[in-house]
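The values are calculated or read from the model by the stated rules, or taken from the named source; none is laboratory data. Small disclaimer: the values here were computed from a predicted structure and weren't measured. Reconstructed Cβ throughout: ideal geometry from the backbone, glycine too, with neighbour counts over all protein chains shown. SASA here: full protein model, heavy atoms, side chains in, ligands and nucleic acids out. Shrake-Rupley method; radii C 1.70, N 1.55, O 1.52, S 1.80 Å.
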Number of protein chains: 2
Amino acid sequence: MARNLANAATKRGASAPKRNIRWNGVSGLKGQRREVILRSVANVLRNSRLSSLTIQDVADELGMTKGNLYYYFKDKQDILYQCHMRSMEISLRALEEATAKGRTPSESLRILLTGHIRGILDDGFGGILQTDLDNFRPDQRKTYVKKRDELERGARGMIEDGIRAGEFDPVNVKLTGFAILGAINWIPKWYRPTGAFSPDTIVEEMVNYFLRGLQRQPGASQKPLSKKKRQREQHEQ
Amino acid sequence: MARNLANAATKRGASAPKRNIRWNGVSGLKGQRREVILRSVANVLRNSRLSSLTIQDVADELGMTKGNLYYYFKDKQDILYQCHMRSMEISLRALEEATAKGRTPSESLRILLTGHIRGILDDGFGGILQTDLDNFRPDQRKTYVKKRDELERGARGMIEDGIRAGEFDPVNVKLTGFAILGAINWIPKWYRPTGAFSPDTIVEEMVNYFLRGLQRQPGASQKPLSKKKRQREQHEQ
DNA sequence: AAAGATTTTTAACAGCGGTTTAAATTCAGT
DNA sequence: ACTGAATTTAAACCGCTGTTAAAAATCTTT
C-alpha cells in the first residue's frame, strides 16, 4: 500500500528503481511525488467542481490517506497555490514563445492565446482558475499576482502593438484584454473532455473570434491612440 | 433591534407603516423581506469574494442574527438559488426586449448583451455566477438550467440569424457564444465599483468588441451555414 | 391591557473537513 | 539481519459554519 505513489511516479519510466537523489530538492524524489500529487489534483478538478475539492478527494484519487498529503505539502492552501503556479507557468511559456522577435502582433497574440487555452484544456489545472486568492498567504498572492500581471501585460502589450501598427482597431486595451482572458478563464466551466468539442476546435474557433474582433476594419475611423493617461489599476484579485 | 429589516425594507418608501398584507405570499411582507435579504447577499458579494460568503456575513450585513435567516429561507442553498434566479431574471428581461420584432441581429444582440452586462454590474448578483450548481437540489438545478439555457439559446439564435442574414461571419455559433457569455460571466472577478471603469464604459467597450468579432468581413469567404448536424450538448453545469 | 400570531434572539448541536500526532511500516545501506 | 531514515497510516482533534429548537421580544388586533 505504500507503493501507490511510487508506482504512479515511475509508471511511465520503466521499472528502474534506481534513485540516487533522496533529499528534498525540487527535483528530488519528494519533489517528484509532489508533482504526482499536483497532477492528481488536476484530475479531481477535471471531474468534480471546485467547490467540492477536498483533501480527501485528492487522497482518494491517489489511493492514499489524506494525512499523508501533509508529508508533502504544508497545507491545502499550499497545494492550491502550487496548482496555480503550474498553470501559470504553462501560460507564461506561451507568452515567452509569443514574444519572440519577428512576429506581427496578430501572430504573437495568436500564439499566446493558443498556448494559454491549450494549457487550460490539456494539463487540467484550468479549473483552479476559479478559485479566488483570498486565502492565499500574502507572499503567495504577491508571487502569483506578479506572474499573472506579467501574462496580462503581455497580452495587452500585443494589442497595443497591433493598434500602433495599424493592424488592430483602437480598442480599449485593458477592457478588451479582460474580455479575452475572461472568456478563456471561463472555459473550464463548460468544457468536458468527453464533450463534443475537441481542444483543437475550441482553440481554433475561439482564437479566430478573438482576433477577428481586433482586426482593423478598412472603413474604421482612426482614433489617435494613447492619451497616455495612466488609468488607475482596476483589478483586485 | 427587531426593526432592522423593516427599516431596511421601508427605508425608501417613506415611513408609512401601513401593511395590509401579512401572509406568506410572493409579495407579502415576508416576501418583501426576503428580497431585502437577497439584496444584502448581493452587497456581501460585491465586497468579499464568494468563497467567504457565509451565512454569518449576510446576517452581519443586515444587522441581524444568522438564525433569523432561517425564518425566511429554508437553508443557505435556497438563498443562493434565489440569488441565481434574480440574476437570471434580469438577463432574461434583456433577452425579451432584445427579441422584439423589427431588429437586425446586431441590434438584438447588442441589446441582449448590454442588458446582461448591466444586470451583472448594477444589481450586484453578478458574483453569484461563480458558484457552481453542484449542491443545488435537482429541482432547483433543473429550473435554473432551463432558464440559463433559454438565455444561451437566445444569444446563439441571434448569432445564427446574423450569419443567415449575411450580417455575421459564419463562426461556430456555440463556441462563440461560450466565448462571449464567458467573458461576461468573468466580469465580477475583476470589476470593482470604485475602479477606473464605469459600467457605461465597460458595456460600451465590451459589446463593441463582441460585435466587431462577428461582423462579416467584406473579403471573407462565404461558408455554407448549418449542416444541421445537431451536435451533442457539451455543457454540464 | 390582553391574547395570539409573528418575528427575533440565544444557545446549543452536528458534521464536515483540514490538521496534527504518534505509531507502524517500508526502504536504503551496511 | 540490523539500523536509522523516509514514508505511510490511523486516529483523534478542533474549529468553523450551517442548522435547529425553544425561549424571548415584538407587533397586531380587539
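State yes or no: is A:Leu50 buried (at least 19 other Cβ atoms within 10 Å of the Cβ), under 30 Å from A:Gly213 (Cβ atoms), within 14 Å of chain B (Cβ to nearest Cβ) and within 16 Å of DNA strand C (Cβ to nearest atom)?
Working: buried (at least 19 other Cβ atoms within 10 Å of the Cβ): yes; under 30 Å from A:Gly213 (Cβ atoms): yes; within 14 Å of chain B (Cβ to nearest Cβ): yes; within 16 Å of DNA strand C (Cβ to nearest atom): yes.
Yes; evaluated as a whole, the condition is true for this residue.
Picking from A:Gly157, A:Gly115, A:Gly126, which residue would you name as being at pLDDT 95 or above and under 16 Å from the mean Cα position of the chain (by Cα)? Before you say what the answer is, go through the steps one by one.
Numbers: A:Gly157 fails: under 16 Å from the mean Cα position of the chain (by Cα); A:Gly126 fails: at pLDDT 95 or above.
Result of the check over A:Gly157, A:Gly115, A:Gly126: A:Gly115.
Give region B:24-41 a look and list any residue that's away from DNA strand D (no atom under 11 Å from the Cβ) and either at pLDDT below 95 or basic (Lys, Arg) (or both), or say none. First the steps, then the outcome.
At the first step, the residues of region B:24-41 found to be away from DNA strand D (no atom under 11 Å from the Cβ) are B:24-28, B:30-41.
Matches in region B:24-41: B:Asn24, B:Gly25, B:Val26, B:Ser27, B:Gly28, B:Lys30, B:Gly31, B:Gln32, B:Arg33, B:Arg34, B:Arg39.
If you scan region B:192-206, which residues turn out to be within 8 Å of another protein chain (Cβ to nearest Cβ) and in contact (Cβ under 8 Å) with a residue 24 or more places away in the chain?
Within region B:192-206, the first condition is being within 8 Å of another protein chain (Cβ to nearest Cβ), and the residues that meet it are B:192, B:195-197, B:201-202, B:205-206.
If the condition is that a residue be within 8 Å of another protein chain (Cβ to nearest Cβ) and in contact (Cβ under 8 Å) with a residue 24 or more places away in the chain, then B:Ile202, B:Met206 are the ones that fit.
Would region B:57-78 turn up any residue that is within 14 Å of another protein chain (Cβ to nearest Cβ) and away from DNA strand C (no atom under 16 Å from the Cβ)?
The initial filter retains those residues of region B:57-78 that are within 14 Å of another protein chain (Cβ to nearest Cβ), namely B:57, B:76-77.
If we keep only those that are away from DNA strand C (no atom under 16 Å from the Cβ) as well, we get none.
No.
Quick one: in region B:72-99, which of the residues that are open to solvent by 50 Å² or more (accessible area, probe 1.4 Å) and near DNA strand D (Cβ under 8 Å from one of its atoms) is nearest to B:Trp190 (Cα to Cα)?
Per the stated criteria, the residue is B:Lys76.
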